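To start, the structure itself, in structure tokens.
Each value in this text was obtained by applying a stated rule to the coordinates, not by laboratory testing. As the structure is a prediction and not an experimental result, all values here were calculated from the model. Every residue, glycine among them, receives a Cβ derived from its backbone with ideal geometry; neighbour counts consider all protein chains shown.
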Amino acid sequence: MRYPDHYVTFENKLREKIVNEEEEIQRKGKILVDLKSKANEILRQEEKMRLQQEAMIKAEAERKLKMRTEMESLLQERIRLDELARVARLDHVKAIEGTIESSLKQQEKLREQEHKMIEDEMASRQRS
């Protein structure tokens, strides 16, 4: 038994259409898999960039903290050295004052001795 040509043609076209649709479904499935793969890769790269940015921000914050700590340490050292220099100058001034006082006392003592010698000499001349 033979089918009429239009049924055969219709069935052939229908099979061809089904095959084409199956191929289209497979092609779209591959595209979907590729898109998911690319989306996952983009997400991984974004996560990697985010982690790198966080690491850079953390490193910058640590660098700033270290610099601030070093600057404060230097400032404290400068203050300490300035205080030591001030104390040294003050000690130097006190030593100079002590030397001047000692010198003045010595001069006063010498004047008194000289004055006494003059008085003794005058007294000795008046007796003679």
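Some notes on this structure:
- Converting phi to 3J(HN,Hα) with the Karplus coefficients 6.51, -1.76 and 1.60 and the offset θ = phi - 60°, the stretch 63-68 yields 5, 5, 5, 4, 5, 4 Hz in sequence order, with x at every glycine or proline.
- Relative to the Cα centre, the charge distribution of the chain, modelled as +1 at Lys and Arg Cβ and -1 at Asp and Glu Cβ, gives a dipole magnitude of about 320 debye.
- Convex hull volume per residue in cubic angstrom - Cα atoms of the stretch 55-125: 26
- For the chain, the 222 nm mean residue ellipticity estimated from helices alone, with every DSSP H stretch of n ≥ 4 adding -39500 (n - 2.57) and the total spread over all residues, rounds to -37000 deg cm²/dmol.
- Simple label model, 7 Å out from Cα along Cβ direction - Ile96 to Asn12, nm: 12.3
- Cα-Cα pairs of the chain separated by more than 22 Å (percent): 79
- Backbone phi angles across the stretch 113-127, fed through the Karplus curve with coefficients 6.51, -1.76 and 1.60 (θ = phi - 60°), yield HN-Hα couplings of 5, 5, 4, 5, 4, 5, 4, 5, 5, 5, 5, 5, 6, 6, 6 Hz in residue order; Gly and Pro are listed as x.
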